[in-house]
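Note sheet for the following structure.
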């Protein structure tokens, strides 16, 4: 898979669907990490084929949601009317081997803790402190796999059941192989426009009415705080306030949950339920793809997990849900929750976007 080819293909298709050419583009934002690209300053190779030659460009390493957040800032500031956000994943690597580099350098990194181990620690704590069982984790994963089976763009489309997931090979702590996100490949581009430009060019625009971003320092000891996900909570509060809504207005969501642990925790953090009620939402079918508030109609990261491209993929999936092109829910407002946890949970950055169809 050649990075130039996939970036060009994704960008060209996005430009065509948006009714623009490279000359119309005011700026481009790329998101990626050298760890997954196998090269330093790896956006330098991608920017030209993404349409950014001699255009203002910037690179964000905290995920596609953060990249979209910065693209929104360019438009809201008046510095640009049309901005593309692009990422690609083409290099084969083992995140377990490289993810230790994301940890605190003096104490945690020398131990060699990887992303899967950090997920295992937080999951073990969740099972001890919250009303959640391994069966609940497996049911949440199965819900995602059932949705992915209906998504032609998903990586894992086998529709694994709760029994399949519980009996899969153990990896770390309570987590099995099918409770952990795979490494996926591909590229994605989304095009953002000012409302004035979109009114003239796009028949069915999706409006981003709210955006929030928050980061935190490394935290290893206070497990209860880690369960509460304060960076996600603050980013969501900012996005809700920006959009002028609360959690009750969200019809569907795409959440960057690299294990079912984080999906269940995020239900509480985002305000979808009270503490210890998350597993009930899954058991009652509320968050299934045909539920009253579907979460991860795309199948989520358990089904498709390109580390650089994931946040853009989730944003596109949320737009497809609103357009009725993905899933069967009749949704007017969708939430996207993205983060940079593909390298591990401590020291995370969270971005939350609110998408609305026909908003003004």
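The values are calculated or read from the model by the stated rules, or taken from the named source; none is laboratory data. Predicted model, so just to flag it, every value in this text is computed and none were measured. With ideal geometry, Cβ positions are generated from the backbone for all residues, glycine too; neighbour counts draw on all protein chains shown.
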### Message
Looking at the range 324-338 only, could you name the residues that are at pLDDT 95 or above and touching a strand residue (DSSP E or B) at 6+ places or on another chain (Cβ under 7 Å)?
### Response
331, 332, 333, 334, 335, 336, 337, 338
### Summary
Exactly one of 113, 117 is assigned by TED's automatic domain parsing to the domain that holds residue 261, closer than 23 Å to residue 348 by Cβ, at pLDDT below 95 and not in a helix (DSSP H, G or I), and that one is 113
### Matching entry among 57, 84, 42 (being at pLDDT below 90 and crowded, with 16+ Cβ neighbours inside 10 Å)
42
### Failed item in (1) closer than 30 Å to residue 43 by Cα; (2) surrounded by fewer than 16 Cβ atoms within 10 Å (Cβ to Cβ), with residue 159 passing the rest
(1)
### Query
Which helices (runs of 4 or more DSSP H) sit wholly inside the range 223-315 and have at least 3 residues that are touching a strand residue (DSSP E or B) at 6+ places or on another chain (Cβ under 8 Å), in the same structural domain as residue 135 (by TED's automatic domain parsing) and closer than 30 Å to residue 91 by Cβ?
230-243, 260-269
### Message
Which condition from (1) in contact with a helix residue (DSSP H, G or I) (Cβ under 8 Å, 6 or more places away or on another chain); (2) over 17 Å from residue 336 (Cα atoms); (3) touching a residue at least 60 places away in the same chain (Cβ under 8 Å) is the one that residue 190 breaks?
### Response
(2)
### Summary
If you go through 259, 238, 269, the only one that is out of contact with any helix residue (DSSP H, G or I) (no Cβ under 9 Å at 6 or more places or on another chain) and closer than 27 Å to residue 308 by Cα is 238
### Query
How about the range 125-153: which of its residues are within 16 Å of the chain's Cα centre (by Cα) and over 20 Å from residue 291 (Cα atoms)?
153
### Message
Of everything in the range 29-80, what is more than 20 Å from residue 351 (Cβ to Cβ), part of a loop (DSSP other than H, G, I, E, B) and in contact with a helix residue (DSSP H, G or I) (Cβ under 6 Å, 6 or more places away or on another chain)? Give them in sequence order.
### Response
40, 42
### Query
Looking at (1) modelled with pLDDT of 95 or more; (2) buried (at least 21 other Cβ atoms within 10 Å of the Cβ); (3) not in a loop (DSSP other than H, G, I, E, B), which is the only condition residue 99 fails?
(1)
### Flag for residue 166 being part of a helix (DSSP H, G or I), farther than 22 Å from residue 35 by Cβ and touching a strand residue (DSSP E or B) at 6+ places or on another chain (Cβ under 8 Å)
yes
### Message
I'm checking my understanding of the structure. Among residues of the range 217-238 that are in contact (Cβ under 8 Å) with a residue 12 or more places away in the chain and more than 19 Å from the chain's Cα centre (by Cα), which one is farthest from residue 126 (Cα to Cα)?
### Response
217
### Task
Output yes when any residue across the range 14-22 is within 21 Å of the chain's Cα centre (by Cα) and either assigned by TED's automatic domain parsing to the domain that holds residue 78 or more than 16 Å from residue 188 (Cβ to Cβ) (or both), and no when none is.
yes
